[in-house]
Structures are given as C-alpha cells and as structure tokens.
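Take a look at the structure set out below.
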Amino acid sequence: MSLTISHASSTRPSLVTTSGAVGSRDRWSCCIATHLLLLNMLKAMSGVPLFNLAPNLTVSRLCLGSMSFGEQNTLAESFQLMDQAFHAGINFFDSAEMYPVPQRAHTCGRSEECLGRWISQRKIPRDSLVIATKVAGPSGQMTWIRGGPKCLDAANITEAIDNSLLRMQMDYIDLYQIHWPDRYVPMFGETEYDPVQQYASISIDEQLEALSAAVKAGKIRYVGLSNETPYGLMKFIQVAEKYASHLKIVSLQNSYSLLCRTFDSAMAECCHQESISLLAYSPLAMGILSGKYFSPGGGPTEARLNLFKGKYSEGESRYNLSKKIIKAATMEYLDIAKTYGLHPVSLAIAFVLRHPLVASAVFGATKSWQLQEVLNACKIELASEVIEDINKIHLRFPNPCP
C-alpha cells in the first residue's frame, strides 16, 4: 500500500507546557496530522473514488483518455492499459472521433475502435462503464472527417454520433461532447479574443436540436461541452432550457492543471451557479509536470512532445517547451514535490482532484507504470501548507500553459 503525507503534517515538533502536558495548539496540530494520515490510509485502501456526475451517471474521479490508442499504443497495449485501469476502479473512459493524435486520415477512429473492441472481447457489462466521446468541430484540416469537418450542423452531429456508435460497437453513449465550438473562440494556447476572426457559425439551437433528437432516440444519455468559454457555456445552458424535459448539459471538459488555472476565473463561477462539473483534461500538462522533459537529454524519445515534435500543432502551441516561463514554473512545482516527499505526478493530480468543481481528471498513459503513478496520486490529500506554496508559485507564474 502506497501512502504519502506532507512533511509539514507529519514532522512538526511538539509544544510542551511546563507541566509536561501537550499545549492546545500542538494538540490541534496532532489532530490535523492524524486526520490526514487516516484519510490517506483510507484512500489507499479504497481504490479510485467516485463522483455522481448526473442522475444514474456515477463516474470514477480518474478518467482514462484514449488519444494514444491506435498510434502510440497498439491494440494489445491499449487492452492492457484498460484492463489495469478497470481493475483498479476506473469506470470512466473518454475518446473522440478524431483520435488518436496527431490526427491522420489512416488512423482516424482507431481510438474508439480500440475501446469498443476491448468492451466486446472482455465481455464487460455495458452498464458498469461510463463511455464519453466527442464530435469534432470545424477544422478544415481534417478533410477525412466529413470534408473538414466543415461545421457542427444537425447532419454532421447526427452522422458523427452514428459513426461513433458503429466504431465502438455499442447502442448508446453515456456522455457526448462537442469537442470544440463551432464558432470562433481562442483555443489551445491563445488567450485573447479577436472580433475580426469571427465567422458565420451554426446556431447553438440547431446543435442542441440534433443532440436532443439523439437523446430521444436513445443514442446518447447526457451532453457535455469541451474547450468552451464562459459565454458559450451560458448560451448553451440558456438555449437548452427548451429541451429541459429530456436533455441535460452536465459537464465541461477544459484544460486544468498547475500550469493552467484559467478555469478559476469566470468559468468557475458559471459552473458553480449552473451545477456543471469540470472534467479536467491535461492534469499533467501533457506530461510536463512529471518533470521528464526537463531531465538530462530532454526526456524519453517516445514521450509525446518529443515523438511528434513539429507534427502536433494543437499540443505544441499550448505546451511549448521552449518557453522559459513553462520550465521555470515546472521546476518550482517539482521542488515543492521534493520538499514535501511527494511524487511530482501525485502533486499534480491531487491538486486537480481537490478542486470542488472537478468531477474527474481526464489523463492519458502509454505505459503501465505511468497509469500506476496516476492511480497512486488519487489517494493523496494535500496539506494546507502545500497549497499555500503552490499558490505562491502561481502568483509568480500565472497560467504558463493557458
């Protein structure tokens, strides 16, 4: 059993009164340390915690993403990773019609196929899993997906849902997400909205009408958004009121990590007030927070940002290893992990999972030991001293990977 608590909680010296009794302040400190110890012990024994995302939709607080399945991972390797995740208590699996990445015509759809074949061949009861996938927004670069895809009109959404069901060999999808908006928004490292770039887009009403029809047909159960803005989230919620009898938007899948806390401004308030849960993707900032890219030699050659250097613009635009601020912030967080006796992965994942609006952390792994590091991390409770140190770094290096 793996167990880690912060030094600040476990090694604080006792304050002894002249009578030999422990002072009240130290008794309180001992209570805190004991509480953290017991809590971490219980977590270590109980597996992956669960979260009630929506009625009859309980998800594990770790969600295994499949964007490497069919590219970095073979079918057999993907099966092994999913086996390991499922047996450890993960019931939540996320995919997308465009996966794996980097996106290419001859690999498109393989990730969904891997997931579907795993469920079928392992004979896993469908109701024991929560399956999420996504429809690609307009791109123009992926001509092999419905000609671009060009837009998120009703025909494109309906076709995407039907194709995903076929690839995954299933009758319904638990959570169907719009991968990125149909309209112009700054994304993947962009931070400033430019009105000049606005273009004619498909109405939110048409998008929700298509999703509503899919819910009525039993093809999808719930709807989620991804890479959205506060404006977009609130407009979708407003328009969805006309479909409230059967369609519900339950989640937002946006990036959130020690290096990207943009969610905590306007978006956090929107989610809180509207009871929308965050599915935090890239909790390790595409592996940067493990420290591997700043090790001697720049990390393993098979690490994603090395393996696909120059071929994965969406990832490299946000996680640009040449930016000094990214390295400076990461090294500071690695120092915190070392100071408190934590694995860097544990620090990063535990930080995300402590957020009251986070339902699940969506992560990827290409190796069994990487998956195990994340599984270990969900058992960690960060002490207040650790959070204070984290916030000090955030003030100096705010959101280097927005």
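Among helices (runs of 4 or more DSSP H) entirely within region 323-402, having at least 1 residues that are touching a strand residue (DSSP E or B) at 6+ places or on another chain (Cβ under 8 Å) singles out 344-353, 368-377. Counting residues in region 74-92 that are in a strand (DSSP E or B) and of a type in the set (Phe, Trp, Tyr) gives one or more. For CYS270, the criteria (1) assigned to a helix (DSSP H, G or I); (2) in contact with a Phe, Trp or Tyr (Cβ under 8 Å, 6 or more places away or on another chain) hold in every case but one, which is (2). The set of residues from region 273-290 being under 15 Å from VAL374 (Cβ atoms), assigned to a loop (DSSP other than H, G, I, E, B) and not hydrophobic (A, V, I, L, M, F, W, C) comprises SER282, PRO283, GLY287. Restricting attention to region 86-103 and to residues that are surrounded by fewer than 23 Cβ atoms within 10 Å (Cβ to Cβ) and in contact with a strand residue (DSSP E or B) (Cβ under 9 Å, 6 or more places away or on another chain), the residue that is farthest from LEU371 (Cα to Cα) turns out to be GLN103. Once region 185-210 is narrowed to residues that are under 16 Å from PHE236 (Cβ atoms) and in a loop (DSSP other than H, G, I, E, B), the residue that is least open to solvent (accessible area, probe 1.4 Å) is VAL185. Considering THR143, THR74, THR158, the condition of being over 29 Å from ASP205 (Cα atoms) and open to solvent by 10 Å² or more (accessible area, probe 1.4 Å) is satisfied by THR74 alone.
Taking region 229-260 as the range and being in a loop (DSSP other than H, G, I, E, B) and within 30 Å of ARG396 (Cβ to Cβ) as the test, the residues that pass are THR229, TYR256, LEU258, LEU259.
Cβ-Cβ distances below 8 Å connect the following pairs, each with a first residue in region 308-324 that is within 12 Å of GLU190 (Cα to Cα), a second residue that is of a type in the set (Asp, Glu) and open to solvent by 50 Å² or more (accessible area, probe 1.4 Å), and a separation of six or more residues or different chains: SER317/GLU190.
Screening TYR293, TYR312 for residues that are more than 30 Å from GLY218 (Cβ to Cβ), modelled with pLDDT of 95 or more and either surrounded by 17 or more Cβ atoms within 10 Å (Cβ to Cβ) or of a type in the set (Asp, Glu) (or both) leaves exactly one candidate, TYR293. I'd like the residue in region 159-179 that is touching a residue at least 60 places away in the same chain (Cβ under 8 Å) and out of contact with any Asp or Glu (no Cβ under 7 Å at 6 or more places or on another chain) and, out of all such residues, is farthest from GLY232 (Cα to Cα). Filtering first and then ranking leaves ASP174.
Conditions tested, residue by residue: (1) modelled with pLDDT under 95; (2) open to solvent by less than 40 Å² (accessible area, probe 1.4 Å); (3) not aliphatic (A, V, I, L, M).
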{"site": "VAL352", "(1), (2), (3)": "no, yes, no"}
{"site": "PRO356", "(1), (2), (3)": "no, no, yes"}
{"site": "VAL362", "(1), (2), (3)": "no, yes, no"}
{"site": "LYS367", "(1), (2), (3)": "no, no, yes"}
{"site": "LEU371", "(1), (2), (3)": "no, yes, no"}
{"site": "ALA383", "(1), (2), (3)": "no, yes, no"}
{"site": "ILE393", "(1), (2), (3)": "no, yes, no"}
{"site": "ARG396", "(1), (2), (3)": "no, no, yes"}
{"site": "PRO400", "(1), (2), (3)": "no, yes, yes"}
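Considering only residues in region 258-308 that are under 28 Å from THR229 (Cα atoms) and basic (Lys, Arg), the one that is nearest to the chain's Cα centre (by Cα) turns out to be ARG261.
Any idea which of ASP182, ASP127, ASP153 is within 19 Å of GLY232 (Cβ to Cβ), modelled with pLDDT of 95 or more and open to solvent by 20 Å² or more (accessible area, probe 1.4 Å)? None of the other options fit; the residue is ASP153.
Tallying residues that are assigned to a helix (DSSP H, G or I) and either of a type in the set (Phe, Trp, Tyr) or surrounded by 15 or more Cβ atoms within 10 Å (Cβ to Cβ) (or both) within region 296-309 yields 4. Pairing residues of region 54-71 that are more than 25 Å from PRO102 (Cβ to Cβ) and part of a loop (DSSP other than H, G, I, E, B) with residues that are open to solvent by less than 10 Å² (accessible area, probe 1.4 Å) and polar (S, T, N, Q), at Cβ distances under 9 Å and at least 6 apart in sequence or on separate chains, gives ARG61/SER360.
The values are calculated or read from the model by the stated rules, or taken from the named source; none is laboratory data. Nothing here was measured: the structure is a model prediction, and the numbers come from that model. Here Cβ is always computed from backbone atoms with ideal geometry, including for glycine, and neighbour counts include all displayed protein chains. The area values use the complete protein model at the heavy-atom level, side chains included, leaving out ligands, DNA and RNA. Shrake-Rupley method; radii C 1.70, N 1.55, O 1.52, S 1.80 Å.
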